Ligand SMILES: [Zn+2]
């Protein structure tokens with residue numbers, strides 16, 4: 001194939017240009033995939049706003065991908081064939097890494113990513129490298145699951161990883177701090193785990209309105225309400241048994257320790273800015289209340305598989321999460337909605 005295609009190229013910080021690019025060559029041992037849908041992720045917003053150490057500009061972003069196999073490369077030995085519709089996640093693991101051998105892929109230092117080491121999916125076509133065919137996150141999209149939802153498997157994967165670590169289960173009371181798309185996913189996954197009550201806090205009323213679609217038991221604006229006393233009231237004085245910090249504010253981590261129930265489990269899900277990564281948690285509270293803190297980053301292939309299953313079953317309600325579907329030509333409009341916090345998940349359809 002030597003045609004031209006439309007692609008979203010990040011030319012410079014905050015400079016997104018939808019332009020013509022050559023259709024990529026089908027890599028030997030890899031695949032050329034026609035992209036049906038590609039989600040915009042919080043990490044994309046960060047890269048667009050301030051660049052990324054692994055991304056050399058100009059660059060095609062987009063790592064939440066559903067597409068159809070258009071061509072197989074020479075010597076291809078993977079399980080998929082032309083016309084198969086696939087959910088493609090970004091992480092490409094090193095199968096020889098000791099952590100990957102143990103199934104603890106999230107700890108491997110050798111993870112590479114589509115849209116970082118290889119160009120991304122905000123384009124009509126993407127070249128899927130042989131490394132991803134062999135050790136990436138690629139699954140057949142379930143027949144009944146629209147490509148719009150089969151594209152957004154990745155964010156749910158990390159969220160499932162968090163609840164695996166905290167062991168969220170029947171009867172838990174869960175506080176999700178942050179009402180963005182990730183916070184919404186935490187509400188859905190906590191419910192699926194059997195949580196009795198799920199509460200969400202945020203400092204922006206507009207986001208607290210968007211999370212209502214996921215039917216939390218209560219929302220708390222922690223800028224205008226006193227979160228510790230409100231959450232105590234909502235949990236019969238005990239505090240939540242599971243707390244998830246789904247935002248980048250250091251103060252949330254401090255507060256998570258303050259409000260958790262005795263014996264509570266806390267997932268530090270959102271990373272902090274480098275300039276503010278030592279927030280001064282009261283470690284005596286951790287000690288005397290017998291709290292457990294979990295650091296959560298990345299995920300393993302089983303989390304990706306579970307996330308796709310939960311989208312298929314509706315336990316993760318894709319239609320509530322995706323608030324805007326747009327052609328790639330309107331990328332900057334969709335970007336603005338996401339930057340303004342007026343959209344949860346924006347999904348683009350290249351070629352539409
Ligand atoms: Zn993502």
Neighbour-count order for 149, 76, fewest beta carbons within 10 angstrom listed first: 76, 149
Angle between the chain longest axis and helix 181-193 axis [Cα atoms, degrees, rounded to 10]: 70 degrees
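Which value results when the Cα radius of gyration for the range 49-92 is divided by 2.2 N^0.38 Å?
Expressed relative to 2.2 N^0.38 Å, the Cα Rg reads 1.52.
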Two-site label geometry, residue 213 and residue 274: point separation in nm, points 7 Å out along Cα→Cβ: 3.5 nm
Rounded FRET efficiency, nearest 0.05, which uses the C-beta distance separating residue 319 from residue 232 and R0 of 30 Å: 0.30
P(r) of the range 157-295 over all Cα-Cα pairs, binned every 5 Å from zero, in whole percent: 2, 11, 23, 26, 23, 12, 3, 0
Taking 186, 52, 287 and counting other C-beta atoms within 10 Å, the order from fewest to most: 287, 52, 186
Whole-angstrom gap from the range 1-43 to the range 112-190, using each part's C-alpha centre: 20 Å
Part-to-part distance (alpha-carbon centres) for the range 272-324 and the range 51-68, which is given in Å: 23 Å
Where only alpha carbons of the range 225-352 are counted, the Rg and the Dmax (Å): 18.6, 57
If the convex hull is drawn through the Cα atoms of the range 1-143, its volume per residue in Å³: 113 Å³
Interatomic Cα distance distribution for the chain, bins of 20 angstrom, percent: 31, 57, 13, 0
Extension gain from residue 170 to residue 54, taking 0.36 nm per residue of separation minus the Cα-Cα distance: 37.7 nm
Residue among 213, 338, 70 with the largest mean-square fluctuation in a Gaussian network model of the chain, springs linking Cα atoms under 10 Å: 213
Two-decimal Rg to Rh for the range 78-196 - Kirkwood Rh, Cα set: 1.01
Residue exposure sequence - 40, 234 - by fewest surrounding Cβ within 10 Å: 234, 40
Degrees separating the helix 250-259 axis from the principal Cα axis of the chain, which is the longest one: 40 degrees
Most fluctuating residue given options 57, 291, 321, as computed from a GNM of the chain linking Cα atoms under 10 Å: 57
Estimated FRET transfer efficiency when R0 is 41 angstrom, pair residue 282-residue 45 (beta carbons, to 0.05): 0.80
Max mean-square fluctuation residue, GNM over the chain, Cα-Cα springs under 10 Å, options 256, 246, 28: 28
Normalised contact order of the chain, rounded percent, pairs of Cα under 8 Å and 6 or more residues apart: 18 percent
Relative packing of 217-228, 260-271, which averages over residues the other C-beta atoms within 10 Å, highest first: 260-271, 217-228
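No lab work stands behind these numbers, since they all come straight from the coordinates. Here the structure is a predicted model, which means the values were calculated and not measured. Counting neighbours? That spans all protein chains shown, and the Cβs are built from the backbone with ideal geometry, glycine included.
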